[in-house]
Each structure stands twice: as C-alpha cells, then as structure tokens.
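All remarks here apply to the structure that follows.
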C-alpha cells in the first residue's frame, strides 16, 4: 500500500509541515503493501491497490461512490478478509506515524526556543508566575489535590498483547530511523527490521476467536503500566511537586502525589452479569501483583547500584540497623550496608506478596527470597519509611545525587501505586441495591416489604440501620441468587481493602441514582461487609458516589445531594471522609437521553448547582467525569474540556474515565503518556487557580441563553430519536448495533435489559454503531436546529453567539468538539448503511431528517465561528482526514456488504469474522469511536 502525491492538500503550508508524516506513511504503507503482495498474492494486492486508488478518486469527486461499492459486491469472503486486514493494518501504522509526527513537532517547537505550548505544565507555570498568586490561596485550593485517570473496559479495544508489542517495536524502530547520525547501512538495517515487524503484524490475528472475557480486559488494562505508566507517573509527580514548592516554598504543597490511577475493569457490574466475586479478587490481586513485581524489580536494580562500601563511606546508624535487620550475612556483601539493607527490604516485600497473593507470588521477580523469616510490610507506609532511611543516609555522606535518582523514583512509585497499583471502583445500579436491601430487611425482620415503602419511610429505615453495628445476615443464611452474588462481591472487595489498604477500593458508584435512599442503600450494604463502620472515621471507607446520568437526574442532582447531607447519618459518613463528597457525572446516558447540546449544558448546569450545594453545606466536592472516547460520550481534547468546566467545579481534583482506542492512543508510549497526563494536570491546576471562564458579569445572561438553546436542541433530538415512529427499527437496521451483541464483541451485553428500548441500550454500542455507519449522530444532532431557530436570521443574535464562542471556553469547546466529530462523519457512506433498512419510506423519512439536520449544523457552525472548514481549528485532525480517511472507505463498503449477507442468513464463521474485523479496523482508524 502506498500514499499518493496528489495536489489536494488543504494548504501548501500544511503540506510542507506534514511532509515528514507523509514520508513515514509512505514508508510504512509501502512495506505493508509489499507484505500483502508476498503473503496474500498478487490478486489481493491488486484489489487492495485498486480500492485505495478508487477511494482517493471518490474523495476528489472523480468517480461515484457506487462504483467503488460495486467493486465489493459479491466478493468471496476469503478475498474480502485480507483486504479488510490490509486496510485495518494500515490504520494501525498510520496512527503510529501520526503519533510520531506530533512528538517530532513538539521537539522542533522546544528546540526553537519558542514559548511553551498551552496544555503543557511549563505553560501553566508561566501563567502562575504572571498571576502572582497568594501562597495561602494556593495552599487552600490544592489541599487534597488529586487527578486520576480511570481505565475502563471497552469492546473495540481488544488488540492482543502480541499486536500491542509489535506496534511498540515499530514505533521504536521509526524513532531510530529518524536519527540523523545513521549511515546508509544502518538505515537499511533499521528498514529491514521494520519489514520483519510488519510481517509479524500481518501474520498475527488482530482479534480473538472467542468472546473477550473480563479476565482479558483486566490484562489489557494492566499492560499500560509496564508500557508507560510506571515510568511516567512517578516522574511527573516529582517534577510537579518540585516546581510548585519552588514557587511557594512555605505552603507545603502536595504532601501526597497529585497524579494517581484508577480502574473500573472487574469492579463495574452495572448490567454486567460476568462480574463476580472471583473477578473482583482477580482484578485486585493481578493489580497488586503488577505493583509488587515492579517494586521488587526496582529494589533489585537499586541494590545493584548502591554498592558503597562501609570502608569508604560512613552510613547513618539507622541504615546500619536496617542492614543488620536484614539477616543477610553473605561474605560478598558484608561491607555493603546498602545492599544488605535492600536485600532485607526485598525479602520483606516478598513476604508481603506471599501474604496477599499466595500462588500469584510466582509472578514476582523475587520468589527466591521467600521464607526469609522476615516480617512482611503491613503497608506501603512502612516500606516508604525504610526508603527514607536510605535517602537520609545517602545525603549524610554527600550522595544526594544518588538519592535524587533511582531511589527518588522508587519512593514516588510506592507513593503513587502503593501495594494495590490502582484503586478499583465498584459500580452497581440503584435498582439492584433496592432489591438486595429488600431481601436483607425481610430476612432480618427489619421490614417485610421495603420496596413498598415511600421515600421518607425508606430514608428513616436506612438511617436507623446506619446507626447500628449489628449485621443483617449471619453465616449460613440463604438468599436469592442476586443477593448472594452481591454480598459475595462486596465481601471480596472488603478482603482486598483489608489486604492491600483502603486505597484498593476507594469508591462505590451508584448508577441511576435519583434519591437519598439510593445513597443510603449502598452505605448499608458497605456496612454489612465491613467496608464502612459508623463511628470509625479512620477505617478509610469507600466514598459513596452518586452517578447522575439522565437529563432529569442531572437537573435534580443538587437537590438530591442537599437532601442526603441533611440526613445526620449520611453527613457523618461524609465528615468521616474529611468532608469529601464525590459526584459522578454521566456523559453517555445524558447524551443518549437528550442529545449533544442538551446533555453538555445539563452537565454544566448540574456542576454549577452542585458547587452551590457544596458551598452551602460546607463540604468538599470532587467530580468524577464519566467520559467516553467519542464526543458523543464526553470525549474530545482533555485540556479544553477541563478548562470548559464551570467556576469552582474542579477545585484541585479531577477523576475522569479513559476507555476504548483512546487508552492506547494516550498511554501506550511513555512520551505520549507523559504529554497526556501533563495535559490533565495543567488544565486542572489552571482551572483551580486561574479565572478561565471569561464571562464575568455576563455569566447569568449566557447561562439563560444556553438554557434556551439546550431546550430547543433537546426538542429537536427527541423529535427524531424518541418521537419518530420506526426510529428504533431504522437504527437497528442501518447500523451494526445488533451485530455488536451477536458477534461476541466485548465482555458485557449490549443492553442493560433484554429489550429494544433506546433507554436500555448501553451507551457504548449506541455511539459505536453511529460511528461505524459514519453518521456520528450522538456528537451533533439537534444542535443545528437549536442554533438556527434561535438566531432566526437576526444578525445581532448571530453576533452574540460569535462573541460567546470567542470568550467562553465552554461554548467554544462544545462547538469545536462537535466540528471534530462532524469532520469524521460522511453522509455519503451513511447513505450506504441506510440502504440496509428494508422499509423504504422509513429509510427516506429518517435519513432525510438526519441529512437536513447535518446541513443545518454545519451551516450554523460556519456562521458562528467564521471557519470555512470543520477542521480549521484542529490541524492534527485536518492532517488525518486528508492523509488517511480515504483508507476507511473500503472498510465501510465491505462492512455493509458483509452485513447484508449476515442478515440474509449467512452466519458462517468467515462472514462473522469479517464483520468483526471491519468494526475493529474502523474503530482503530477513527481513534475515538466509542
């Protein structure tokens, strides 16, 4: 496969800047093409090349799209699959090239001595210096500061480890090839190695044959620690603490790491019957094994480095004592106190692994130190204390440069990852809690029919239960299947917290939380298994986190929180957590419920209301943003999204979900991971300490205007999605949503319940389906109608929207993200999917509504922003759309062709696999499809 030298580049200047990227894509595409020819034969190669050429001709309007589609009509499946694989592999390689190009451009920017770019911490520090912030204000604002990306499972991020590692090797080889000091022979050797890796990639299956299991998803999530996070997170935390303390030396900032990591994989059981007690145990134990193995590896490396002899340096008495306590009397180390001390520390940490992991000890790197007779470390604090002894002793004899190297990194690593690696959040639907509480109360004689009670009676009963320490169950008690499973899961979580520390299970999220009783039910269940004990504030109980998801729930979120805090028993729980209340905001279901603009504004309004509620009740509020990869699920550039939060909503802390192809795009390589994590921190710090909203006295008027626009958008969206007869049939037949569930994609069902209701459909398949069919409906529909009807041809109104776009980060981000997703849409391809709808009248009616709204939305975006192009403010996407979006075209046509066959009754393995491959390839190419 090759890339053309066509003259259709959006601009000559852009072409010059991107020529290195185009060179990389040509190189990798050419190697892939040669591999296809050698491995699949000339016929397949020529078909791939013809499809590629025709796709570019379609973009240039030289041929009709129907001609390209006809090329694949009736194609034998055994010929279709290698074509799909070729374009899917090209998408992977193009992603790598684009990532390397961004890395290269940043390096050029730095070498040129230009000012640091926005979204970098260097730029943030410069803004702080200019603002001359008061140290007391900074210290108060950053108390308890925390930024936590939370990795979650996703059905389209299913690449096997072999593929992942091969991509990594290709990336490293491309970096090596870019070096200017290679001679021709060395360059040839690098290119030969690249060909070998691309051959390996071609001969490795992209997807698994069997349905993805949660165990697989756990391992996928853990791979990013060795790939990047272990290296990057400690480095960023150390640098951040150093820079902030240099500016405000008397403020004692960030006594704990600001950057940590979290996970939902194995703890999120909302609608997922495959999350069991065993899965919770596996998720927490595998995470712990990963962390302990890393710490043991690092301690071993440090032991090799710190070979100082007691004959040459005078160590501290505490270090001597630590060395003597190790029991290490090997003659070869008798005068090497640091090595003896570290060997003892490794032995103690090995005993810790034995105590908490058992058989999983074999995964660690220090199994040979088992049975040392030394006591295990009770927790990370004790290991950190021993590391502090090493640090103090090194500084005492003039070895601060050693203390500030590997040892400092290990200390940061233990602080950030502890023995648990990442906090595992638990999540369950409020309906399940109600069912379980009702059965427990009936069994214990508390109340025979809890479900029949009105809300005030429920609250009174639950509050009374929280005042007691008595259990509701006893060993041997027999309950229904659901209650038994829920209690087992919570017990497994309690065991993990006991073994690994409370940070192992930091949060309990309640889906579809609509009332005070929803919060109290979860608290009672946590109390039942010992994760929460009334009157014992130091036990580190999980945060009870309401998740407000629908438009209605977001609007009522502040009232729910105020009512809960008015219940003394619940307020006591919050006070026991230092007055911290976390609230999760659901981007996905609010969007599915009310559409793009209505959901975004409902979230903003909810945050404003919740901030007011927190201020009135005297609590600290932390938001957890349930964002998906795509704009329809809250995705988009993180820096702009965080700056677009309302005043007071960030307050030094931020938790945010990361999922899908976005995880690999952000965290698969150290340099990229460093940049993305830095972005989260920079935006959080700026939003906390600087005035970034920019509305001033105009805020109330702007809020009123958005109230109006969002309601108009909600009505337009509802007219299509909720009120159009036959819309569900159109959706299920014009997109691959049914096949997502049928083809074993992801570990969980596509719907929470066995219905055809849009409300019960999971947000991921909802958004993924529209992305695959290139409509991207959740990322824009309804916005154009709202803006057009409000402006109504009035130039002054249009000017007002333009002014808001320029001044208000929220409004600018909403329109920018919308433009980004619309640039990835293609209604010409979407029409091919619409042809799958058997009912012609329904097809024409719904697709006509979609097409008209698409045109309105593009027109209003251009009118408000003054941008002729949807990608005018997004040069990276402009490059991507130009360089490689034509390569998506064959994947879409082949997907439609195979969907026709599958729905006509050909459910053979090759057809099913072909559809899976097209889904995977398109998700990879679009990068944020779910």
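Laboratory data are not the source of any read-out in this text; all were calculated from the coordinates shown. As the structure is a computational prediction, the values presented were derived from the model and not from experiment. All Cβ positions, glycine included, derive from the backbone under ideal geometry; neighbour counts span all protein chains shown.
Between residue 470 and residue 799, what length in nm is gained on full extension when 0.36 nm per residue of separation is reduced by their alpha carbon distance?
112.0 nm
Starting from 0.36 nm per residue, how many nanometres of slack lie between residue 869 and residue 305 once their C-alpha separation is accounted for?
197.4 nm
Rg and Dmax in Å for region 508-605, alpha carbons only: what are they?
Just the Cα atoms of region 508-605 yield Rg and Dmax of 14.3, 44 Å.
Taking Cα pairs under 8 Å and at least six residues apart, what relative contact order does the chain come out at, in percent?
Reported relative contact order: 16 percent.
Compute the Rg to Rh ratio over region 223-319 from the alpha carbon atoms, using the Kirkwood formula for Rh, and round to two decimal places. Don't skip to the end; give the middle numbers.
Details: Rg = 19.6 Å, Rh = 17.4 Å.
Radius of gyration relative to Kirkwood radius: 1.13.
Distances over 20 Å make up what percent of all Cα-Cα pairs in region 9-124?
Percentage above 20 Å: 58.
Compute the semi-axes of the equivalent ellipsoid of region 68-119, taking the square root of 5 times each eigenvalue of the Cα gyration tensor, and list them largest first in whole Å.
Values: eigenvalues 353, 20, 10 Å².
For region 68-119, the ellipsoid semi-axes come out as 42, 10, 7 Å.
Compute the FRET efficiency between residue 477 and residue 385 as 1/(1 + (r/R0)^6), taking r as their Cβ-Cβ distance and R0 = 25 Å, and round to the nearest 0.05. Working shown, then result.
Details: r = 43 Å, r/R0 = 1.70.
In this case the efficiency is close to 0.05.
Can you check what the Kirkwood hydrodynamic radius comes to for region 425-626, Cα pairs only, in Å to one decimal? Walk me through the numbers before you get to the answer.
Details: mean 1/r = 0.0580 Å⁻¹.
Evaluated on region 425-626, it is 17.2 Å.
May I ask you to derive the FRET efficiency for residue 191 and residue 117 from their Cβ-Cβ distance with R0 = 30 Å, giving the value to the nearest 0.05?
Once rounded, the FRET efficiency stands at 0.40.
With a 10 Å radius around each residue's Cβ, average the other Cβ atoms per peptide and rank 486-492, 584-590, highest first.
584-590, 486-492
Out of every Cα-Cα pair in region 92-211, what percent are more than 22 Å apart?
The calculated P(r) of region 92-211 puts 61 percent of pairs beyond 22 Å.
Quick check: from the Cα gyration tensor, does region 191-261 come out rounded (a/c under 1.5), prolate or oblate?
oblate
Multiplying the sequence separation of residue 71 and residue 134 by 0.36 nm and subtracting their Cα-Cα distance, what value in nm do you get?
15.9 nm
At 25 °C and 0.890 mPa s, what whole-number value in µm²/s does Stokes-Einstein give for the translational diffusion of region 430-544, with Rh from the Kirkwood sum over Cα pairs?
Reported coefficient: 170 µm²/s.
In nm, to one decimal, how far is the modelled label at residue 690 from the one at residue 443, with both set 7 Å along Cα→Cβ?
5.6
When the distances between all Cα atoms of region 568-701 are binned every 10 Å from zero, what whole-number percent does each bin get?
Calculated over all Cα pairs of region 568-701, the distribution is 11, 38, 35, 15, 1 percent.
I need 533, 919 ordered by Cβ neighbour count within 10 Å, fewest first. If you can, show how the numbers build up before the last one.
Values: 533 14, 919 27.
Arranged by neighbour count, lowest to highest, 533, 919 become 533, 919.
Within the chain, what percent of beta bridges assigned by DSSP are antiparallel, to the nearest 5?
5
Hey, what D do you get for region 302-441 in µm²/s if you plug the Kirkwood alpha-carbon radius into Stokes-Einstein at 37 °C and 0.692 mPa s?
Numbers: Rh = 17.1 Å.
In µm²/s, the coefficient is 192.
Could you tell me, in Å, what Rg and Dmax come out for the Cα atoms of region 880-930?
12.0, 38
On each of the three principal axes of the Cα atoms of region 819-868, give max minus min coordinate, whole Å, ordered largest first.
Ordered largest first, region 819-868 gives principal extents of 40, 18, 12 Å.
Just to be sure I follow: if Rg is taken over the C-alpha atoms of the chain and Rh is the Kirkwood radius over the same atoms, what is Rg/Rh?
0.97
Quick one: the Cα spread of region 783-920 along its three principal axes, in angstroms, biggest first?
Taking max minus min along each principal axis of the Cα atoms, region 783-920 gives 59, 37, 21 Å.
Quick one: 75, 207, fewest Cβ neighbours within 10 Å first, how do they rank?
Ranked by crowding around the Cβ, least crowded first: 75, 207.
Once the Cβ-Cβ distance between residue 724 and residue 909 is put in as r, and R0 is 30 Å, what FRET efficiency do you end up with, to the nearest 0.05? Show your work: numbers first, answer last.
Working: r = 37 Å, r/R0 = 1.22.
Once rounded, the FRET efficiency stands at 0.25.
What are the extents of the Cα atoms of region 185-230 along their three principal axes, in Å, largest first?
Its Cα atoms span 46, 31, 7 Å along the three principal axes.
I'd like the Kirkwood hydrodynamic radius of region 696-873, using the inverse of the mean 1/r over distinct C-alpha pairs, in Å.
After inverting the mean inverse Cα-Cα distance, the result is 17.5 Å.
Once every DSSP H run of n ≥ 4 in the chain is given -39500 (n - 2.57) and the sum is divided by its residues, what mean residue ellipticity at 222 nm do you get, rounded to the nearest 500 deg cm²/dmol?
-20000 deg cm²/dmol, from helical runs alone.
Between residue 325 and residue 181, with labels modelled 7 Å along Cα→Cβ, what's the label distance in nm to one decimal, could you check?
Taking the two extended label points, one gets 4.6 nm.
Using Cβ counts within 10 Å as a stand-in for footprinting exposure, how do 36, 911 rank, fewest first?
Fewest-to-most Cβ neighbours within 10 Å comes out as 911, 36.
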